[in-house]
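Below is one structure; the comments refer to it alone.
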Amino acid sequence: MNGVNDFAFKIGTVNGTGSASANGLLMQAIFRMGIPVSGKNIFPSNIQGLPTWYEIRVSKDGYTARPSEVDLVVALNPATYSKDVATVRPGGFLLYDSSWPLPKELERDGITILGIPFGRLCVESFEGDRERTLLRNIAYAGALTALLGIDEEVVDTLLNQTYGRKPKLLESNHTAIRLGRDYATQHCPCPLPFHLEKMAATGDSILMDGNTACALGAVYAGATVGAWYPITPATSLMEAFKAFCEKYRVDKETGDRNYAILQAEDELAAAGIVIGAGWAGARAFTNTSGPGISLMQEFLGLAYYTDIPAVFFDIQRCGPATGMPTRTQQADLLSLAYASHGDTKHPILFPANPHEAFEMAVQAFDLADRLQTPVFVATDLDIGMNDWMVKRLTWDDAYRPDRGKVLDAAALEKVKKFSRYLDVDGDGIAARTLPGVGGKGAYFVRGSGHDKHAGYTEDSDAYREVVDRLRRKFAHAATIVPKPACTLREGADVGLITIGGCDAAVSEAADKLQAQDVVVDVMRIRAFPFGDEVREFCEAYDTVFVIEQNRDGQLRSMLAIELGIPRDEMIPVLDYGGMPLTARVVVDAVSGHLAGVPA
Amino acid sequence: MTSIAKPPVRHPSLRQNSLGLTLRDYEGVMSTLCAGCGHDSVTAALVQAAWELELEPHRAAKMSGIGCSSKTTAYFMKQSHGFNSVHGRMPSVTTGANAANRSLTYIGISGDGDSLSIGIGQMAHAIRRNVNMLYVIENNGVYGLTKGQFSASADVGSTSKRGEANEQAPIDPALLALSIGATFVARSFSGDKKQLVPILKAGLAHRGLALIDVISPCVTFNDHEGSTKSYRYTREHEVEAVHADYAPVHAEITLPESGDHLRVVQMHDGSSVRLRSTAADYDPTDRASAYAHVRACQARGEIATGLLFVDGGSRDMHDLLKTPPTPLIDLPHERLCPGAAALDALMARYR
Ligand SMILES: Cc1ncc(C[n+]2csc(CCOP(=O)(O)OP(=O)(O)O)c2C)c(N)n1
Ligand code: SF4
Ligand SMILES: [Mg+2]
C-alpha cells in the first residue's frame, strides 16, 4: 500500500455529531473519480457522545477488505487521541484540530503531524453551535480533498445533488469545504505522497450495503410479508424493504399497498408471523441478529418438522448475549445450522458481499419454496451495514418464482388422495396445498408426531418415516444450494477455506502469499448443507486452513460433523475481535503456520 | 396408533344448510379428550355455529397453540386446513396467515395457559393489531395437558385436585382485552350452548379480533368442590349481560320473542347481532361500562357472561396496513417485481 490510489485513511470523531455525511461524501467522491474504494464504519452501541471511526480504503487493484494498515489518521476526538496516534503506520500522517495546542498524547516519532484549526475556522465563519459542529465535519472533508487530491468538481457536484433544494445549507457546505481545502493548500504539503489520481475502474460498480441489497432481493423475489423486531445490525434491512415497497409496491390508482410489514412484539412473534404467512402461501421473511435467532428456536423446529417455507436473514453481530452489538462476527453458524431442539438442520446461504446478498436473497425464497423449509441468509454487520463497492445489480425479467410443489384445485382433481407428507419423487419433498384450496386438499399441520398423511401418530415406524424423509430432503438440498466458489492457482499445495465476508481479505491474502511464494487455492463456502465439491476440496490438500470470524472454529466443526473430516487436520484461523478481517491476519497466520510458528 | 376412526354414530339432525352440508360435515376426527371435558362442548358449539352460519369449510382455517384446548381444532371441520402450532404462539401464526390470505375465516382456539401465561404477549398484540379472527379461550383454570397445575386464570382460593389453594390473583382475559382495545369481547360457558352458539356466530361475523372467553371445566383436574371453574360453580355464579342472537344477512330476520331492551348491532360484513340485555341499562357498545360491569360482577363473586363489548365499525389489521382487497398471495409476480428497467434506473442512486 501507500502510493497513488493505494492507501487507507481513518477518521476518528464522536458519534452523533454528523460526521457520517462528511465520510459518505468522501467515499462517493473517490468512487466517482473512478477509483475502487471501500468504507468501514466502526461505531459504538449508543446514540450520541461515544467514539466512532470511519476507515476508507482506496485500492487501484480493487481490494475491498479492511486495510491492514492506515496511512493517515484524522484525529478529531480527544478521547481517543492516544489510540488513534498509535494506529498510524510508521512514516504515516496524523491530522488533528489545531484550534488548541498539540496535546501530549498526539506526540509520536516517525510520523508527520499536521494541524488544521477546524474548530476555529468554523467559529469564525458560521453561527450557532449546531451548525459549527456539523460543518466542522465538512471542513475536514475539504482539507482531505486538498491533502489527497480529491477532484473539486466531483465534490461540488455531489454537494449540489445532496443539498440542491436547500440553498442555505448548500452554501454553507461549499464554504466549509473551501475553508478546509484552502487552509490545507496553504499550510500542508498537498498532496500527500499517497493520493488520488482519476481512474476508470468503477464504471460498472455501485456502492451499496448488504441490508439494502437483501431488501431489494426480497422485493424482486416477490416477498409480500415481512415481520421483524428492531435489532442492530438488522434493522436497516426492513427499513430498506419498506422504502422500496413504498416506491414500487403501492398501487398508483388505489393507493393499496401490495405488501404487509409487521413490526412484531418480539422475535418469537416475528418468526410465527412468517411461518404463518409461508404456510398460507406468501413469500415471507424476517430479519434479525443473534439474540433474535435465539428467540426463534422453537418456531424454527416447528417449521422444519412441518415443511413450511420462510426466509430468515441473520445479520450476525458480536455475541454472546448482547455482546458487542455494533461489531461484526460470524458466530451464529452452528446455532443456525442446527437451530431448535430435536434433530433439525437448516439450509443457509452465505453471501460474501452486497452483490451476492441480492442474488442470494432471491435464491433463498426459491429454495425455501422448493424445499418447503426455513432458509437462512447469513450475512454480518460488516456486509449488512457498510457500503461496499460491488458490481451493479442486474435483473432478468424472465425470472419467475419457483414456488415448488404446490397442488392447486385443478391438480388436486387429478390425484386420488392427497397425503401431505408422502414423498412421491424420492427427493424428500412432498407436495403441499394452501389453505383455502378445498376438495381433498385440507390437511392438519401439527408439531406433534405425524405420519405421512399428516395424521397424529405416536407410532415409531410412522414417525421415523417422516423424519427420515426430512433427512433425505436435506441431502437433496445439498445438491441444489449454491456451490462453493473456488479460486485455484497453478501448483498450489495449500487450501484455504473461508466463508461470507472473509472472502475479501482471504482473496487479497492469497495474492500476497503468492508474492511470498506460498501458493494457495481458496474455497469460499456459499451454502450449507455442503455439497460434494466441498468435501473434494477439503480432501485435496495436505494442509487446509479454515478462516472464519468466531472463537471456536464453528465452520471447521461443521465440516468435521457433516463431512467426517478430522477436525484437527484443519488448521483454524480465527479472528473474532469484532472488526472486519484484514489480509494481514490471514497472511501472518498462514505463513506463520507453514514456517512452524505456533499460532 | 394413528388417528382414531370415527364410530358410525348418526347425528340426530341431518338437516342440510344452504350449502347442502349437514352438521356432520362440520365435524372433525374423533376427540381424544377426557369424557365430559368442557372443551368437547365448545367444539360441538363451534360445529353448530359454523353449520348455521353456512361457512364453507374449506374457506376456514383452524389455528391453535398447545394444550387440550388447542387439540380441539382437529375435532371440527375436517375439510378445513388446520394449524396446531406451538404453545402460546397461535396469535402470531394466525397474524401471518391472515396477512398473507385475508379471504379465509380464521378460527383460533387457545387455552388459559396458552393465552394467559406463555402466550399473553402474543394474545395482547393480536388484539392490538385487531387481526380479523375468532379467538376462543377455552378457560378451565388449569393446565389440563400437563396434568392440573394452576393457570393464571385460577381464582384466589380455588383449590387444586390435591387440595392446594391458589393465592395469586387471576388474570381475567375479558378485562385484559377490554383494557387494551379489543373490538369484540364476550364470555360464555361450555355448558350453555344456547348462549355460546350465537356468541360464536357473532364473533365469526365480527370484522376484527373477536375474543370469546369460554369457561370450560376440566373434569379431570378442575371440576371438584373448591374449583371456581367447575360446572357447578359456573352455573351458580353466571350472570348474563347480553344475550346475542346472530342473524345472517341472507336469512329472514325475525324479532326475538321478548323484545325488551333489544339492541341491534350491525356487523361489518352486513349481518347483525341482536342483543338482549338482562340489565336494562347495559350498553355493549360502551367500553367503560362493559369494564365496570365485569368488575362489578367479579366483586359480587359472579361471572359476567354474554356479549360484553362490541365495536361494530372497527378497523382490522388489513385496514391499518392498507393492503388491497385481493389477498397478497393472489397478486401476480408482475405486480410484485419492479423489473429490470427499474433496477437499472435505481442503480444511479448508488453511484
Ligand atoms: C414451550 C412449551 N412449554 C411447555 C409445554 C407443556 N405444555 C403443554 S400444554 C401446557 C399447558 C396447557 O394449558 P392450557 O392452555 O390451559 O390448555 P388446557 O390443556 O388446559 O386446555 C403446557 C405447559 C409446551 N408444550 N411447550
Ligand atoms: S385433562 Fe382436563 S382439559 Fe384435558 S381433556 Fe381431560 S378434562 Fe379436558
Ligand atoms: Mg387450561
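Worth a mention:
- Rounded to 0.05, the FRET efficiency of the residue A:533 and residue A:597 pair, given R0 = 45 Å and the Cβ-Cβ distance, is 0.90.
- Overall form of chain B per C-alpha gyration tensor (a/c, 1.5; a/b vs b/c): rounded
- Accessible solvent surface per residue of region B:104-212, calculated while the other protein chains remain in place, 1.4 angstrom probe, Å²: 30
- 1.4 Å probe, heavy atoms, protein only - residues of region A:17-65 losing at least 10 Å² accessible area vs chain alone: A:28, A:31, A:32
- Annotation for region A:569-599 versus region A:254-297: alpha-carbon center distance of 38 Å.
- Heavy-atom surface analysis with a 1.4 Å probe gives region A:409-480 a carbon and sulfur content of 53 percent of its accessible area.
- Once A binds B, the 1.4 Å probe can no longer reach about 5300 Å² of accessible area, counting both sides.
- Which of B:81, A:476 is most accessible, then next, and so on - probe 1.4 Å: A:476, B:81
- Ordering of B:188-200, A:246-258 by packing is B:188-200, A:246-258, highest average first (other Cβ atoms within 10 Å, averaged per residue).
- Antiparallel content of DSSP bridges confined to chain A, in %, to 5: 35
- Residues of region A:417-445 buried by at least 50 Å² on assembly (accessible area, 1.4 Å probe, chain alone as reference): A:435, A:436, A:442, A:444
- Spatial separation of Cα centroids for region A:321-384 and region B:103-182, in angstrom: 35
- Rounded, prolate or oblate (a/c below 1.5 giving rounded, otherwise prolate when a/b exceeds b/c) for region A:6-187 by Cα gyration tensor: rounded
- Helix B:90-100 axis versus longest C-alpha principal axis of chain B: approximately 30°, rounded to the nearest ten.
- Of the residues making up region B:91-118, those losing 10 Å² or more of accessible area when the isolated chain is joined by the remaining protein chains, with a 1.4 Å probe, are B:92, B:93, B:95, B:96, B:97, B:99, B:100, B:101, B:104.
- Looking at region A:485-594, the DSSP beta bridges with both ends there are about 15 percent antiparallel.
- Using the 1.4 Å probe convention, the accessible area of region A:208-391 works out to 24 Å² per residue with neighbouring protein chains retained.
- To the nearest ten degrees, helix A:583-594 and the longest principal axis of the Cα atoms of chain A are 70 degrees apart.
- When chain B is treated as a Gaussian network with alpha carbon springs shorter than 10 Å, the biggest mean-square fluctuation among B:315, B:59, B:207 belongs to B:59.
- R0 of 45 Å, Cβ-Cβ distance residue B:146-residue A:199: FRET efficiency to nearest 0.05: 0.05
- Chain A: angle of helix A:267-280 to the longest principal axis, Cα-based, in degrees nearest 10: 50
- Pairwise centroid distance, computed over Cα atoms, of region A:412-479 with region A:498-548, Å: 39
- The accessible surface of region A:485-594, taken with every protein chain in place and a 1.4 Å probe, is 44 percent carbon and sulfur.
- Gyration tensor (alpha-carbon) shape descriptor, region A:285-422, a/c threshold 1.5: oblate
- Accessible surface for residue A:425 stands near 100 Å², nearest 10, in the context of the full protein assembly shown (1.4 Å probe).
- For the residues of B:314-322, the average number of beta carbons from a partner chain within 10 Å of their own beta carbon is 2.
- A full extension of the chain between residue A:131 and residue A:569 corresponds to an added length of 151.8 nm, given 0.36 nm per residue minus the alpha carbon distance.
- Once the chain from residue A:322 to residue A:50 is taken as fully extended at 0.36 nm per residue, the excess over their C-alpha distance is 96.1 nm.
- Additional length obtainable on full extension of the chain from residue A:417 to residue A:468, 0.36 nm per residue less Cα span: 16.2 nm
- For residue B:62, the aspartates and glutamates whose Cα comes closer than 14 Å to its Cα, not counting residues fewer than 8 places off in the same chain, are B:27.
- Partner aspartates and glutamates whose Cα lies under 18 Å from the Cα of residue A:247, excluding those fewer than 8 positions away in the same chain, are identified as A:239, A:256, B:334, B:344.
- Beta bridges by DSSP in region B:23-350, antiparallel share as percent, to the nearest 5: 40
- Entry comment: accessible area of region A:407-462 is 45 Å² per residue, from protein heavy atoms only and a probe of 1.4 Å.
The values are calculated or read from the model by the stated rules, or taken from the named source; none is laboratory data. These numbers were taken from a predicted model, which means no experiment stands behind them. Backbone-built Cβ (ideal geometry, glycine too); neighbour counts: all protein chains shown. Note: accessible area is taken over every heavy atom of the protein model, side chains too, but ligands, DNA and RNA are not part of it. Shrake-Rupley method; radii C 1.70, N 1.55, O 1.52, S 1.80 Å.
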